Protein chains: 2
Amino acid sequence: MPKTEPRTLPGFMELLPNEQILFEQMKQKIEKVYQRFGFLPMDTPIIELSEVLLAKAGGETEKQIYRFEKGERDLSLRFDLTVPLAKYVAKNHGNLSFPYRRYQIGKVYRGERTQKGRFREFYQCDIDIIGDEELSILNDAELPSIIYQIFKELGFDDFTIRMNNRKLLNGLFEEIGQKQNSVEILRIIDKIEKIGKESVIKELEEINIKKENIDKILEFIEINGTNQEKLEKLEKLNIENEQFKKGLEEIREVLNYVKIFGVPEENYNLDLTIARGLDYYTGTVYETFLNKYREIGSVCSGGRYENLAENYTNKKLPGVGISIGLTRLFYVLNELNLIKPEKKSISDVLVISMVENMKVPIEIATKLRQEGKNVEIYLNNKKLKAKFKYADKLKIPYVIVIGEEEIEKGTYKIRNMQTGEEKETFWDESKKHK
Amino acid sequence: MPKTEPRTLPGFMELLPNEQILFEQMKQKIEKVYQRFGFLPMDTPIIELSEVLLAKAGGETEKQIYRFEKGERDLSLRFDLTVPLAKYVAKNHGNLSFPYRRYQIGKVYRGERTQKGRFREFYQCDIDIIGDEELSILNDAELPSIIYQIFKELGFDDFTIRMNNRKLLNGLFEEIGQKQNSVEILRIIDKIEKIGKESVIKELEEINIKKENIDKILEFIEINGTNQEKLEKLEKLNIENEQFKKGLEEIREVLNYVKIFGVPEENYNLDLTIARGLDYYTGTVYETFLNKYREIGSVCSGGRYENLAENYTNKKLPGVGISIGLTRLFYVLNELNLIKPEKKSISDVLVISMVENMKVPIEIATKLRQEGKNVEIYLNNKKLKAKFKYADKLKIPYVIVIGEEEIEKGTYKIRNMQTGEEKETFWDESKKHK
């Protein structure tokens, strides 16, 4: 019979078991931290009506959508978890309690050009806090403590959560009469880390920003010092418009409370160069960098937005959220060998029998499972060496061997696969004192 | 601005938070049991090349596929987790250790006609054990103990795992010279529970089975008694072909070991009417029924197959597996109010502050989180009553209230939301003895 070549689409991650175990642990750690802070689970379909999913989208995103017809329906696969959240909150508004704190961990789809480390199917791990009409700025200060917990749990110490407030930037543009160019200017200064200061100046000149205004922009984004010093320097810019004053007030309160929420000072700072995208965010914005691996880019980003679901409802739903692109994060951390697993195997113990009657080995395994251990019994008929090799390849830390002698004595030997150390234990307590 | 109506496709489950919590708990319980028995996690793309995914499919399944083109590629959404497993094992054969035990919990897609309780997107929770060339029959006996553990964990006692062996059926058909009609006969007797004995006889007559052979078929499927008695009656049928003898030997060993694997006798039996589909299974087959809710149908099914991946490889890969259709199971159990959650909320505690400075409330929440509790702080500025209502709607079991007095005394009150009972605790140990 002719065979079909078993292959997986490019841009779709499919891991071998040992790596999948690491992936699942990362996913679970993130989920546990989200739950630790009281976020509620949410699960939405991967397929939505195109009309609903693309109510807002346009440009680059729309081109990447997996869109198709089934029956009479025009369908699309979700490309992020924010649009489904907006739909969900608008649809279920009367049945939700606000502030509505939800997490969602799920796959999203973007038909990007495939390249190393870029995926067309990838997990996003999102949290958002949605207010009904209003949402306290304290929520903006809580999120960095969640980011902090996650990266600590993932085994990192040297990382920085960089924060800014979009109102500061907008206030600055208003001050220099460049409100109409703000989207373009934000796009350019967002790249300063990548392209350098000179290129930023050049690009700003190209869109006809006057030299004195370029100077003001640079003066602003180059403000340095401690967070406290930066706040003081911002104050001294004497920018008097409402936007700027509100932004300064917000970021001051956020920075103050981030500390109270328990984030050590070395793990966060005010970074005035951060803008995060173009028109979605309206207040606090976040990016997170692993300091020794800056080239990875931000590993957790997000921010505050004015209105989540304006495409679906007249209700004003301000929110703040963050997102982790787990598939890419896993990919780069795994490439750099930076994943620190708690367990490298699912099973804690492999039970190997050297006798044909499996009664005693099964009963020992059952007992260990009742004690909460993950236990596999090697059930196939193979040589002892092959069975040990199996445990080794699966990185199972302990092996129990049961032979005639052990059954007679009511014991088993448990072997530490790392050290080779063996310990004898009674499975049949009644034989202990004979 | 005109609004798009926020709606979800029919046949796609989207739950409110309180129900989603129950769903996640069921999913997690199933996953934990799978891991308890040493199954490895696996995650495959939802999108595959149609050529790969549909290498075997045909008929009813093919019509239901979500299939579309993107770029130059003909793509399909997976409709089960077995075909992706076959692809994966064929593709990664050299990198896997056998027997390969994997679990996969994920969404699959079938464009069925929508009706109550039928879903187009639904979770399957599968385990399979795949052997390289051979696989011990003991694996067939282990699976019922996993089914047993799962339904116990889900809070059920009164359920029956029904088992049969396809070789017994095939041997019977050989005996009565109806091998060529076996698919058709199986299809008919598979319905006996639904349509009754008389209709089965009628349908068998319609495909020209002779009366004496219909009698033999009925004699076979009506064999009753204890498992031991059934085995004896099967023996006495004096069917001498190899198929039948092999089937009898297998089911005898499986039933013997199921008991050793710890499944109580009231939770499993030999049921000779079970066939499970048409040509996929070749040995042991399973169905699981909640005895008080037989109308739900089987809640966990599966069986032994000769060769997993014959469309992709010449390697012989026998396997045995089971599957739980979680979305439908959740739906019917929820409708029947049969879900017994461990926790009805994500948060264990809601911290409510009556003072403006949130320092102390935040520190108390941080401390409780460090102790492993899930804690939410109510951060919006609302009346006390609204905050309690929030805890109530989210079914959070404990609320901590912190006011001026508590801050001064270094205490907080923790309130049991069910009983109304309040307990005072010191958060500031230094104030304890003043």
With a Cα-only, solvent-free Debye model of region A:13-62, what are the log10 I(q)/I(0) values at q = 0.19 Å⁻¹? -0.87
For the protein assembly as shown, give me the percentage of DSSP beta bridges that are antiparallel, rounded to the nearest 5 percent. 75
Please compute P(r) over all alpha-carbon pairs of region A:344-434, binned at 10 Å starting from zero, and give each bin as a whole-number percent. 17, 53, 27, 3
Radius ratio Rg over Rh of chain A, counting only Cα atoms, Kirkwood formula for Rh: 1.09
So if R0 is 30 Å, what FRET efficiency would B:Arg118 and B:Glu424 give, r being the distance between their Cβ atoms, rounded to the nearest 0.05? 0.05
For a Förster distance of 35 Å, can you work out the FRET efficiency between the beta-carbons of B:Glu265 and B:Asn307, rounded to the nearest 0.05? 0.60
Hey, got the average number of other protein chain Cβ atoms within 10 angstrom for residues in A:138-148? 2
Ordered by fewest other Cβ atoms within 10 Å, a rough proxy for footprinting exposure, A:Val355, B:Val299, A:Val401 read A:Val355, A:Val401, B:Val299
The orientation-averaged projected area of the Cα convex hull of region B:359-405, in nm², is 3.7
Between the alpha-carbon centers of region B:18-83 and region A:259-278, tell me the distance in whole angstrom. 40
Give me the log10 of I(q) over I(0) for the protein assembly as shown at q = 0.07 Å⁻¹, as the Debye formula computes it from C-alpha points; what are the numbers? -0.65
For B:Thr288, the residues 5 or more places away or on another chain with a placed amide H closer than 5 Å to its own amide H are B:Arg162, B:Val299, B:Cys300
Quick one: divide the alpha-carbon radius of gyration of region B:299-397 by 2.2 N^0.38 Å and tell me what you get. 1.92
Teacher prompt: A:Asn291 distances to equivalent labels in other copies, 7 Å Cα→Cβ, nm: 6.5
For labels at A:Lys316 and B:Asp215 in the simple 7 Å Cα→Cβ model, what's the distance in nm? 8.6
Taking region A:34-133 as the region of interest, what is the percent of Cα-Cα pairs per 10 angstrom bin, listed from the shortest bin to the one with the maximum distance? 14, 42, 32, 11, 1
Treat every Asp and Glu Cβ in the protein assembly as shown as -1 and every Lys and Arg Cβ as +1, leave all other atoms uncharged, and give the resulting dipole magnitude about the Cα centre to the nearest 20 debye. 280
Two decimals is fine: what is log10 I(q)/I(0) at q = 0.15, 0.28, 0.29 Å⁻¹ for region B:171-236, from a Debye sum with one equal scatterer on every Cα and no solvent? -0.48, -1.29, -1.33
Give me a comma-separated list of calculated 3J(HN,Hα) values for region B:170-179, in order, Karplus coefficients 6.51, -1.76, 1.60 applied at θ = phi - 60°, integers in Hz, x for any Gly or Pro. 4, x, 4, 5, 4, 4, 9, x, 10, 4
For the A-to-B rotation axis, chain A residue with nearest beta carbon and its distance in angstrom: A:Phe68, 2
For the pairs A:Lys383/A:Lys423; B:Lys29/B:Lys343; B:Lys179/B:Lys211; B:Lys373/B:Lys395, flag any whose C-alpha to C-alpha distance is greater than 19 Å. A:Lys383/A:Lys423
Determine ³J(HN,Hα), in whole Hz, for all residues of region B:354-363 in sequence, where each value follows from phi through the Karplus function 6.51 cos²θ - 1.76 cosθ + 1.60 and θ = phi - 60°; x replaces Gly and Pro. 9, 10, 7, 6, 8, 3, 5, x, 5, 5
If you average over every viewing direction, what projected area does the convex hull of the Cα atoms of region B:107-185 give, in nm²? 9.2
Fully extended contour minus Cα-Cα distance, from B:Glu232 to B:Met354, at 0.36 nm per residue: 36.4 nm
State, to one decimal in nm², a quarter of the convex hull surface area for the C-alpha atoms of region A:286-339, i.e. the direction-averaged projected area. 4.7
Could you state the number of Å between the C-alpha centres of region A:405-427 and region B:143-166? 32
Skipping prolines and chain starts, which residues have an amide H placed within reach, meaning under 5 Å, of the one on B:Phe12, given they are 5 or more residues away or on another chain? B:Arg120
If R₀ is 30 angstrom, what is the calculated FRET efficiency for the pair A:Glu19 and B:Asp74, using the beta carbon separation as r and rounding to 0.05? 0.55
Over all residues in B:308-320, what is the mean tally of Cβ atoms on other chains that come within 10 Å of each residue's Cβ? 2
Let's test this: bin the Cα-Cα distances of region B:240-312 at 10 Å from zero up to the farthest pair and state each bin's percent. 15, 45, 31, 8, 0
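The numbers here are math on the coordinates, done by the rules we state, and not lab data. Not measured: the values here are computed from a predicted model. A quick note on method: Cβ atoms are made from the backbone with ideal geometry, for glycine too, and the neighbour counts reach across all protein chains shown.
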